[in-house]
Amino acid sequence: MNDQEAWDRGVRLMEKIHDRLPHDPRQQLEAVLTGYRRRKEEMLALTVAGGSTGICRACGGQCCLNGKYRFSGLDLLAVLAQKTPLPAPDFTQKPLCPYGDAGGCRMPAPVRPLDCVLFICEAIADRLEEPTTHTLARLEQELRQSVKRAETLLGRRLGQPLLLLAEHPDGTDVARRDVTN
């Protein structure tokens, strides 16, 4: 299976999971995803305020190389729940990230891959003041908890890259537990 086939299979898998959710688990998942998207936006806003836009443009996005495994099953569920159109990945532009182009990331901030939102290079980190770094650390922990809550709710490892989930569509190694843990 090539990357595009794995992407298509992963999208179909997440659509099936999303569409078949009963009402109560769907509402619980929606609440988790709403917080997940909001926290990602907050993190990106803090790094932009710290000057990341200029740093990233000057760097040329070295952190975006080899990014095909960054988009997770949970990231796709966040897109599906919001009914946000997602740019089609271009797996032919290796080693560049298939979700970006010369202008940068083509994904709206709240649906960018979690790995991309969490990564803060040294050049950006050096410009951030202490209160901001504490807020970023708290938001990171809250995002990781959102992943765990969603995985527990659906009994799937949703934090895994979508391309890998597509290879193992029946993987249910996360035990279903109460979502409030």
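Miscellaneous remarks
- Of the candidates Met14, Met43, the single residue that is within 15 Å of the chain's Cα centre (by Cα), buried (at least 18 other Cβ atoms within 10 Å of the Cβ), over 28 Å from Ile120 (Cα atoms) and aliphatic (A, V, I, L, M) is Met14.
- Hits in the stretch 92-115 - residues which are more than 13 Å from the chain's Cα centre (by Cα) and buried (at least 16 other Cβ atoms within 10 Å of the Cβ): Leu96, Cys97, Pro98, Gly100, Arg106
- In the set (1) at pLDDT 90 or above; (2) touching a Gly at 6+ places or on another chain (Cβ under 7 Å), Arg156 fails one condition alone, (1).
- Listed conditions (1) under 30 Å from Asn2 (Cα atoms); (2) over 13 Å from the mean Cα position of the chain (by Cα) are all met by Gly159, apart from (2).
The values are calculated or read from the model by the stated rules, or taken from the named source; none is laboratory data. What you see is a predicted model, and the numbers here were worked out from it, not measured in a lab. Positions of Cβ are generated from backbone atoms using ideal geometry, with glycine treated the same way; all protein chains shown enter the neighbour counts.
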